[in-house]
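Asker: Here you go, one structure.
The values are calculated or read from the model by the stated rules, or taken from the named source; none is laboratory data. Keep in mind the model is a prediction, meaning the values are calculated, not measured. Positions of Cβ are generated from backbone atoms using ideal geometry, with glycine treated the same way; all protein chains shown enter the neighbour counts.
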């Protein structure tokens, strides 16, 4: 059997456009002699429409698009993911108006559909609905009612959807025992650093466990916080990797299952994957929202330098405007570094001093501002200028906040937290350095070497307010990524006073995180939709 | 049986403080001769700890607090809601690090616990876990494994938790058939306008359906977006209301079930309930977060006037500072109205002109700002001053945005959207008028009568940019609260061009809503955690 994996960049809600692109890929698959072309989970509508799928006509529009694929399936098989509507069976709260407002008239399912020669051969709805991190699938979907296999061109196929293959004892087990030779799993599995290898390891293990081949088709593309990295692959029943599609690349990838031989797995390069994920995340966020250009406040520091370099890779230098807004505390070096970077990557740099605006706002306050109050005026003036420029140029502002800052609240809300997207919000400061260094000559050495400073008061350094990042970042990783307690951290050898201070900053800055722009998720635990913590919260453990 | 309902204001995460307050209420109940005191759902930790409940030691701390109640239960029965930890049985994704990061080592349940004389008599874990609106209970909890009844002082009791009574065919049915004479339902049911009556109607119906009495104990208090209104009650097996606790009032309410006679239901006053909900929501947000005072930008318009009046009721006039920041476009009347209001409600009013700052920022932009660009400078300058004052006075900024503005994006992000809390974010403009008028003489007539204006350009009126609110608000109610489609709205008689324009504004402003402060939910469908819409979303239906 010749299989084409349509590793597809779906645009959420652009159902007709997604349909048309898949029709093109189907035509290409037919021309390349495929028996079957496989599109990812919810390829029809993109992942995830979230509450948008409750808008009237959404499921019907999806079903009409599936029907268009069906009508065009002469001589070729198609597996595609869509929302499907079914007669309601789920128990539902018919009394609370909030429940009714969130309710379709029908049960919706997250379904893989097998089509051939104008006919629907079978459907398999997702059984294990993920409800963790960014996933709220129980909010939207009812679980599939059963497990089947389907005959397709002399082969027995078991269809399942994403999480079904991740949960131990999922439907593949029964499908294999029902005679499936191939499991076709369609996924919308978002990226984080390390995920491609986790997926490969999991799927190879599932193949061996169940003595069944697996075709794994994953979405690519950026969707708000999520980046789908593609990296679809095919594994034989002995767990051998038979094919691996490139990461972060859209296209049709064709494999003849009968003649596929084991291939070595791609060498994972975390830094390269991280960079590709951020570039795709920026590009898709900007373009899918109808923009082409961005404004970045370039401070001379490493965070904004990295965001600028990533944006240039995503959008081209002609679509990136950097703005350097020196205050009275900005060092000569800051401007020089900003100019050096802009020069090396070939972008426009605007320079606008903010000291006068700072003076006027200082005088506006009835009592003369001191300390933090005075410091915070400056980033808010800068944000006002960024937003004005963005309005004038029909561009989006990119925010340069990193995960270490966001975790500790080391930022000025409505100031440096401003933007439509925060591309490096999920990178600790130490990752910011590593990734910035990967830009080689384009990233001025002086930016990489300078001690971090917010430059909001004379001779300020981040280390005056925060522990050095070499100490802070490991601690934050344990707190955020591993959810360790104060006692555990102290037992691990971290200084008790430091632990208490960092945990207190972390808790106290929840209100800021609630108002941040979306960041691009590149770790298992990012701030944003996948992490829900109350602002009002007295627990200190 | 003499029952005390502990209508309790739990503070999320303040487990020891919650425990101590419940111990006080237990002592009071014992002194007043109660057989049983009933505390609401998750009274131990407050509703909802969200991801906070995964912090190490959370469930253990809850169980220790339950144990303290148990130890103090000599001679009295207690029903209390807590998180309980159980050996893991739920299928779980052990392969994705994001799933593991969100996972406790155990299955957690949302449990009602019956205690007497130092012993746990029984437990009933919530079976129907709500996954709609603000609720993500499948993210946190496993459903209870079974349905039981318990003997308590000669009576048979069925315990269940909140949603269990809302879903048709819930556990009360089986509990009644197992001989329960009384159902004790513990709830954390948040307020919206009309909810108290919906609850009463539902519970009376459940009592009659199952021929069983129901003791319904609800939480009170504000928690970020949610306000719990209390209004606990008791219904006889014929559906008669036997007792109703006041709304928005903490306390122990004692009823002798054997001698309770039907009482008339309280007359619902929507406006009074709305006002009480907002006042409690403001007070608890401010105080539970460790503040006492707020700053409000008073524009002379009705939105900020209403927020100011509500804040004075919540916190006292000595804890409210209003700031009037006239720009070059502010009318004489605006200042006069701001002064009049401040005078009538007895609060401090600061006046700071912003024209100079506006000029400086205008000149800072490389191209002279016009139109929206120029307009947006002013609210961002104001926000910078509000935040500076808030920093100086250790106060929170309250945001005056209303639901009509937020729905249409008629606001300046990082400007008038700024604040720690947006108390009237769930009130359409027409509700703002109705509620403001309820303040009588304290609300100047001129504020109530003046046509709405943002005063960001000469002679501006909201109606220059938006349809009149009498047209806009009904349309928005259909779009947001009833989720109607373009076609349906046009079929209902709304002007087609208006529908298209309003829907386009609504969709295009999603990115702003993502960065708003929390608003207080007072309708079935509020913006915020209970409404999850992608920013990147091409669906226009």
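Asker: Go through B:50, B:36, B:69, B:23 for me and flag whichever is at pLDDT 95 or above, more than 19 Å from residue B:119 (Cα to Cα) and in the same structural domain as residue B:151 (by TED's automatic domain parsing).
Answerer: B:50
Asker: If I go through segment A:324-370 residue by residue, how many of them are more than 14 Å from chain B (Cβ to nearest Cβ) and not in a helix (DSSP H, G or I)? Walk me through it before giving the result.
Answerer: Quick first cut of segment A:324-370, residues more than 14 Å from chain B (Cβ to nearest Cβ) only: A:328-347.
Next, from what is left, pick out any that are not in a helix (DSSP H, G or I): A:328-331, A:346-347.
Residues that pass the stated criteria total 6.
Asker: Out of A:179, A:169, which single residue is part of a loop (DSSP other than H, G, I, E, B) and either buried (at least 24 other Cβ atoms within 10 Å of the Cβ) or modelled with pLDDT under 95 (or both)? Reasoning before the result, please.
Answerer: Details: A:179 fails: either buried (at least 24 other Cβ atoms within 10 Å of the Cβ) or modelled with pLDDT under 95 (or both).
The match here is A:169.
Asker: Tell me, yes or no, whether segment B:372-394 has at least one residue that is crowded, with 19+ Cβ neighbours inside 10 Å, assigned to a loop (DSSP other than H, G, I, E, B) and within 12 Å of chain A (Cβ to nearest Cβ).
Answerer: No: zero hits.
Asker: Among the residues of segment B:97-135, what is the count of those that are in a loop (DSSP other than H, G, I, E, B) and under 23 Å from residue A:142 (Cα atoms)? Lay out the reasoning, then the answer.
Answerer: Step one: of segment B:97-135, the residues in a loop (DSSP other than H, G, I, E, B) are B:102-106, B:117-118, B:126-135.
From the residues that got through so far, the ones that are under 23 Å from residue A:142 (Cα atoms) too are B:102-103, B:126-135.
Here the count works out to 12.
To keep it simple, each residue is scored yes or no on (1) more than 22 Å from residue A:425 (Cβ to Cβ); (2) out of contact with any helix residue (DSSP H, G or I) (no Cβ under 9 Å at 6 or more places or on another chain).
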site	(1), (2)
A:298	no, no
A:305	no, no
A:317	yes, no
A:326	yes, no
A:334	yes, yes
A:338	no, no
A:356	yes, no
A:360	yes, no
A:364	yes, no
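Asker: A further question follows. Part of a helix (DSSP H, G or I) and under 24 Å from residue A:134 (Cβ atoms): is that true of residue A:59 in this structure?
Answerer: yes
Asker: Report the residue count in segment A:31-60 for those that are free of Cβ contacts under 8 Å to residues at least 24 places away in the same chain and either more than 20 Å from residue A:529 (Cβ to Cβ) or more than 9 Å from chain B (Cβ to nearest Cβ) (or both). Reasoning before the result, please.
Answerer: Of the residues in segment A:31-60, the ones free of Cβ contacts under 8 Å to residues at least 24 places away in the same chain are A:31, A:55-57.
Still in the list and also either more than 20 Å from residue A:529 (Cβ to Cβ) or more than 9 Å from chain B (Cβ to nearest Cβ) (or both): A:31, A:56-57.
Residues flagged as free of Cβ contacts under 8 Å to residues at least 24 places away in the same chain and either more than 20 Å from residue A:529 (Cβ to Cβ) or more than 9 Å from chain B (Cβ to nearest Cβ) (or both) within segment A:31-60 amount to 3.
Asker: Here's another thing I want to ask about it. Considering only segment A:86-96, I want to know if a residue exists there that is buried (at least 20 other Cβ atoms within 10 Å of the Cβ), away from chain B (no Cβ under 14 Å) and either part of a strand (DSSP E or B) or touching a helix residue (DSSP H, G or I) at 6+ places or on another chain (Cβ under 6 Å) (or both).
Answerer: no
Asker: Does residue A:247 meet the test of being crowded, with 16+ Cβ neighbours inside 10 Å and in contact (Cβ under 8 Å) with a residue 60 or more places away in the chain?
Answerer: In short, no.
Asker: Hey, can you tell me all the residues within segment B:32-52 that are in contact with a helix residue (DSSP H, G or I) (Cβ under 7 Å, 6 or more places away or on another chain) and within 13 Å of residue B:186 (Cα to Cα)?
Answerer: Hits for segment B:32-52 are B:37, B:39, B:41, B:43, B:44, B:46.
Asker: Filter segment A:486-502 down to the residues that are buried (at least 19 other Cβ atoms within 10 Å of the Cβ) and within 14 Å of another protein chain (Cβ to nearest Cβ) and list them by number.
Answerer: Within segment A:486-502, A:486, A:489, A:499 meet the criteria.
Asker: Kindly provide the set of residues from segment B:247-269 that are within 20 Å of the chain's Cα centre (by Cα) and at pLDDT 95 or above, ordered by number.
Answerer: Kept after step one, since they are within 20 Å of the chain's Cα centre (by Cα), are these residues of segment B:247-269: B:247-251, B:268-269.
B:247, B:248, B:249, B:250, B:251 - these are the residues of segment B:247-269 that are within 20 Å of the chain's Cα centre (by Cα) and at pLDDT 95 or above.
Asker: Among residues belonging to segment A:1-18 that are in contact (Cβ under 8 Å) with a residue 24 or more places away in the chain and surrounded by fewer than 24 Cβ atoms within 10 Å (Cβ to Cβ), point out the one that is nearest to residue A:232 (Cα to Cα).
Answerer: A:9
Asker: Look at segment B:345-363 and say how many of its residues are surrounded by fewer than 21 Cβ atoms within 10 Å (Cβ to Cβ) and either over 21 Å from residue B:335 (Cβ atoms) or in contact (Cβ under 8 Å) with a residue 40 or more places away in the chain (or both).
Answerer: 5
Asker: Also: Within the bounds of segment A:64-77, is there any residue that is facing another protein chain (nearest Cβ under 9 Å) and surrounded by fewer than 24 Cβ atoms within 10 Å (Cβ to Cβ)? Please lay out each step first, then the result.
Answerer: Applying the first criterion (facing another protein chain (nearest Cβ under 9 Å)) to segment A:64-77 yields none.
So far as segment A:64-77 goes, no, none of its residues is facing another protein chain (nearest Cβ under 9 Å) and surrounded by fewer than 24 Cβ atoms within 10 Å (Cβ to Cβ).
Asker: Would you check which residues across segment A:316-338 are buried (at least 21 other Cβ atoms within 10 Å of the Cβ) and modelled with pLDDT of 95 or more and list them?
Answerer: A:320, A:321, A:322, A:323, A:324, A:325, A:326, A:337, A:338, listed by residue number.
Asker: So, in segment A:25-75, how many residues would count as being more than 23 Å from the chain's Cα centre (by Cα) and at positive phi?
Answerer: 3
Asker: Answer yes or no as to whether residue B:512 is in contact with a helix residue (DSSP H, G or I) (Cβ under 6 Å, 6 or more places away or on another chain), within 12 Å of another protein chain (Cβ to nearest Cβ) and either closer than 17 Å to residue B:428 by Cα or surrounded by 15 or more Cβ atoms within 10 Å (Cβ to Cβ) (or both). Quick ask: steps written out before the conclusion?
Answerer: On the way: in contact with a helix residue (DSSP H, G or I) (Cβ under 6 Å, 6 or more places away or on another chain): no; within 12 Å of another protein chain (Cβ to nearest Cβ): yes; either closer than 17 Å to residue B:428 by Cα or surrounded by 15 or more Cβ atoms within 10 Å (Cβ to Cβ) (or both): yes.
Considered against the rule, which asks whether it is in contact with a helix residue (DSSP H, G or I) (Cβ under 6 Å, 6 or more places away or on another chain), within 12 Å of another protein chain (Cβ to nearest Cβ) and either closer than 17 Å to residue B:428 by Cα or surrounded by 15 or more Cβ atoms within 10 Å (Cβ to Cβ) (or both), residue B:512 comes out as no.
Asker: Continuing with this model, one more query. Out of all the residues in segment B:137-182, which are more than 20 Å from residue B:217 (Cα to Cα), more than 14 Å from chain A (Cβ to nearest Cβ) and in contact with a strand residue (DSSP E or B) (Cβ under 6 Å, 6 or more places away or on another chain)?
Answerer: Hit for segment B:137-182 is B:179, nothing else.
Asker: Inside segment A:201-303, counting only strands (runs of 3 or more DSSP E) that do not spill past its ends, which hold 1 or more residues that are assigned by TED's automatic domain parsing to the domain that holds residue A:80 and within 28 Å of residue A:135 (Cα to Cα)? Write out each step before concluding.
Answerer: Numbers: elements: A:213-218, A:220-223, A:226-229, A:233-235, A:241-244, A:251-256, A:294-297.
Strands (runs of 3 or more DSSP E) meeting the threshold: A:213-218, A:220-223, A:226-229, A:233-235, A:241-244, A:251-256.
Asker: From the list B:153, B:123, B:204, which one is surrounded by fewer than 24 Cβ atoms within 10 Å (Cβ to Cβ) and within 26 Å of the chain's Cα centre (by Cα)?
Answerer: Just a single option satisfies the conditions, and that option is B:204.
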